[in-house]
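J.: Attaching a single structure in structure tokens format; questions to follow.
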Amino acid sequence: MSGLKVDFVVYLGDPDDGAEALTSKDLLAVAAQHRDQLRFPDVYGAVIISEGDKELVDRKPDPIFPLVANLVRAVASVIDGESELQQLAESEHGFALEPNGDDVMIGMFAGDPYEPDEWLLAPQGLTVEAFGDQVLEMGRRLKGIIDAVDPEAMERDDYLKGLTEFLEVSGDALKTYKLEKQRGLRV
């Protein structure tokens, strides 16, 4: 399938004020240095969808924790054959996730999730395995970033603790999917 990549950036401050954005991989390596700038769950970021070095859609800043956590939660649903609509919290944009055989179609829309006014990114396909692996890795990196800036946050905040549960459930669903596919139980 395609070389589509899904990841996220985190803003080191208010994105409306031009705050610097770091990719999840880059931030994970230096997260502890930005402890004062990152107060979860009130940190902004954006999901990025790219192919090669080119981002396919403009970044839409939103609270990053619920955005990534909901994508992680959606992995299990998409594997079960359910479509998912992920509306951004602070804009009229969102992501559409549509199972299509062994692929997941991911697109970004503006307007009503059931009748989009416009597709900012027409649905693009990637394999279920690639989608699941990338989104679960996003969740693990977000958890690592949170642990680096506030080690007790996951224990103190039930909302943040939910990410760990989503990672377990969706991780198990992806592992089962891969095993079933390997054994010929999924066609």
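The values are calculated or read from the model by the stated rules, or taken from the named source; none is laboratory data. None of the values given here were measured: they were computed from a predicted structure. Cβ placement follows ideal geometry from the backbone for every residue including glycine, while neighbour counts extend to all protein chains displayed.
J.: So for region 84-98 (the condition being in contact with a strand residue (DSSP E or B) (Cβ under 8 Å, 6 or more places away or on another chain), aromatic (F, W, Y) and surrounded by 17 or more Cβ atoms within 10 Å (Cβ to Cβ)), does at least one residue qualify?
T.: Yes: one or more hits.
J.: Has region 20-33 got at least one residue that is of a type in the set (D, E), surrounded by fewer than 16 Cβ atoms within 10 Å (Cβ to Cβ) and touching a Pro at 6+ places or on another chain (Cβ under 8 Å)? Please lay out each step first, then the result.
T.: First pass over region 20-33, keeping only residues of a type in the set (D, E): 20, 26.
Next, only the ones that are surrounded by fewer than 16 Cβ atoms within 10 Å (Cβ to Cβ) stay: 20, 26.
Adding the requirement that they be touching a Pro at 6+ places or on another chain (Cβ under 8 Å) leaves none.
No.
J.: I've got another one for you. Tally the residues that are closer than 20 Å to T164 by Cα and among the charged types (D, E, K, R), restricting the search to region 29-74.
T.: 3
J.: Continuing with this model, one more query. Among the numbered conditions (1) without any contact (Cβ under 8 Å) to a residue 24 or more places away in the chain; (2) assigned to a helix (DSSP H, G or I), tell me where Q134 comes up short.
T.: So the condition that Q134 fails would be (1).
J.: Name the one entry in I106, I79, I64 that is within 16 Å of I146 (Cβ to Cβ) and buried (at least 20 other Cβ atoms within 10 Å of the Cβ).
T.: Result of the check over I106, I79, I64: I64.
J.: Can you tell me how many residues within region 111-153 are among the aliphatic types (A, V, I, L, M), farther than 23 Å from A21 by Cα and either surrounded by fewer than 20 Cβ atoms within 10 Å (Cβ to Cβ) or in contact with a His (Cβ under 6 Å, 6 or more places away or on another chain) (or both)?
T.: 2
J.: Conditions first: (1) over 20 Å from Y159 (Cβ atoms); (2) charged (D, E, K, R); (3) modelled with pLDDT under 95. R39 passes all but one, so which condition is the exception?
T.: Going through (1) over 20 Å from Y159 (Cβ atoms); (2) charged (D, E, K, R); (3) modelled with pLDDT under 95 one by one, R39 breaks only (1).
J.: Name the strands (runs of 3 or more DSSP E) wholly within region 5-98 that hold at least 2 residues that are within 17 Å of F131 (Cα to Cα)?
T.: 44-51, 84-87
J.: Still on this model: When both residues are 6+ apart or on different chains and their Cβ atoms are under 8 Å apart, which pairs have a first residue that lies in region 10-36 and is without any contact (Cβ under 8 Å) to a residue 12 or more places away in the chain and within 14 Å of R141 (Cβ to Cβ), and a second that is surrounded by 12 or more Cβ atoms within 10 Å (Cβ to Cβ) and of a type outside the set (V, I, T)?
T.: Listed by first residue and then by second, the contacts come to V30/L22.
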